[in-house]
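Colleague: Mind having a look at this structure? Questions to follow.
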Amino acid sequence: MGNQSQNPAWNKFFQARNTYLIWLNNEEKGQSAIQLYSSALKNFGDFLYETDFSVDSDANITDEIVIAWKQSLIKKQFKQNTIRLYMTALKYFFDWSVSNKFYQYCPIDNNDIPPPEEGIHYLIPDGDVKKILFADSTLISRKKNVERNGAIVVMILECGLKVSDIIALQICDLDFGKACELKSRRPPSVSSPNLFKSNNTKLQNA
């Protein structure tokens with residue numbers, strides 16, 4: 001393992017990473033996003049710590065280091081989508097670091113990031129969506145919180161929100177003047193023009 005005190009690339013990265021993670025928390029990013037960035041940066045930091053690379057006098061991270069890290073993920077049999085997410089997170093980190101004068105340039109190009117791995121996507125037919133919303137024996141149909149539960153299902157299906165996004169959602173994140181448009185920082189702004197267009201009162205009271 002490399003010597004921490006003699007690894008200027010790791011020392012500089014460690015300082016920038018800690019500052020970046022504090023900034024992410026202050027920006028109230030979603031916990032799933034923060035966990036992804038933390039995991040990606042920790043993995044890259046561990047790679048830097050364990051490997052001695054020649055760097056310039058300013059200890060800048062080079063594209064050769066990033067490519068070597070990417071190859072290490074492949075050798076460890078990380079899935080392509082995980083590598084894509086890790087490299088995207090690392091690129092966001094370096095873009096921020098350049099803006100905040102930690103580094104002089106971003107060593108990751110968009111072409112270095114692998115494309116999404118193709119897979120089978122199972123879509124719920126419209127008929128099944130109606131069954132979920134209006135079934136007689138499911139959680140959705142229970143008298144208590146019917147409108148709230150229905151809103152949760154539709155927002156997951158229409159807006160692609162995850163459970164963690166739904167949990168973090170607040171009334172102030174919704175703009176009822178625009179057919180219920182999400183304006184939250186927690187997920188990025190998405191809108192569905194038909195989402196509860198005539199049920200704003202129900203959603204507000206849910």
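Colleague: What are the pairs with Cβ atoms under 8 angstrom where one residue, in segment 64-91, is closer than 12 Å to residue 43 by Cα and in the same structural domain as residue 108 (by TED's automatic domain parsing) and the other, located anywhere, is assigned to a helix (DSSP H, G or I) and of a type in the set (Val, Ile, Thr)? Sequence gap at least six, or different chains.
Modeller: Listed pairs, sorted by first residue: 70/83; 73/82; 73/83; 83/74; 87/66; 90/66.
Colleague: Of the conditions (1) aliphatic (A, V, I, L, M); (2) more than 24 Å from the chain's Cα centre (by Cα); (3) farther than 17 Å from residue 107 by Cα, residue 55 satisfies every one except a single condition; which number is it?
Modeller: (3)
Listed here are the residues, each with its yes/no results for (1) under 20 Å from the mean Cα position of the chain (by Cα); (2) at pLDDT below 80; (3) in a helix (DSSP H, G or I).
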{"position": "93", "(1), (2), (3)": "yes, no, yes"}
{"position": "107", "(1), (2), (3)": "no, no, no"}
{"position": "123", "(1), (2), (3)": "no, yes, no"}
{"position": "129", "(1), (2), (3)": "no, yes, yes"}
{"position": "144", "(1), (2), (3)": "no, yes, no"}
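Colleague: Would you please name the residue that is nearest to residue 102 (Cα to Cα), looking only at residues in segment 9-54 that are part of a helix (DSSP H, G or I) and among the basic types (Lys, Arg)?
Modeller: Looking only at segment 9-54, we keep the residues that are part of a helix (DSSP H, G or I), and these are 9-26, 31-50.
Applying the additional criterion that residues be among the basic types (Lys, Arg) yields 12, 17, 42.
Details: 12: 8, 17: 10, 42: 18 Å.
This residue is 12.
Colleague: Are any residues in segment 13-30 touching a residue at least 24 places away in the same chain (Cβ under 8 Å), within 16 Å of the chain's Cα centre (by Cα) and surrounded by 14 or more Cβ atoms within 10 Å (Cβ to Cβ), and if so, which ones? Lay out the reasoning, then the answer.
Modeller: Residues of segment 13-30 touching a residue at least 24 places away in the same chain (Cβ under 8 Å): 13-17, 19-20, 23, 27-30.
Still in the list and also within 16 Å of the chain's Cα centre (by Cα): 20, 23, 27-30.
Matches in segment 13-30: 20, 29, 30.
Colleague: Could you give me the residue pairs with C-beta distances under 6 Å whose first residue belongs to segment 33-50 and is in the same structural domain as residue 92 (by TED's automatic domain parsing) and farther than 15 Å from residue 8 by Cβ, whose second residue is charged (D, E, K, R) and crowded, with 17+ Cβ neighbours inside 10 Å wherever it lies, and which are 6+ apart or on separate chains?
Modeller: Close Cβ pairs (under 6 Å, with a partner that is charged (D, E, K, R) and crowded, with 17+ Cβ neighbours inside 10 Å) amount to 41/17.
Colleague: Tell me whether segment 112-131 contains one or more residues that are in contact with a Phe, Trp or Tyr (Cβ under 8 Å, 6 or more places away or on another chain) and either buried (at least 16 other Cβ atoms within 10 Å of the Cβ) or assigned by TED's automatic domain parsing to the domain that holds residue 151 (or both).
Modeller: At the first step, the residues of segment 112-131 found to be in contact with a Phe, Trp or Tyr (Cβ under 8 Å, 6 or more places away or on another chain) are none.
Checked against the condition, which is being in contact with a Phe, Trp or Tyr (Cβ under 8 Å, 6 or more places away or on another chain) and either buried (at least 16 other Cβ atoms within 10 Å of the Cβ) or assigned by TED's automatic domain parsing to the domain that holds residue 151 (or both), segment 112-131 yields no hits at all.
The values are calculated or read from the model by the stated rules, or taken from the named source; none is laboratory data. All values derive from a computational prediction rather than experimental measurement. Every residue, glycine among them, receives a Cβ derived from its backbone with ideal geometry; neighbour counts consider all protein chains shown.
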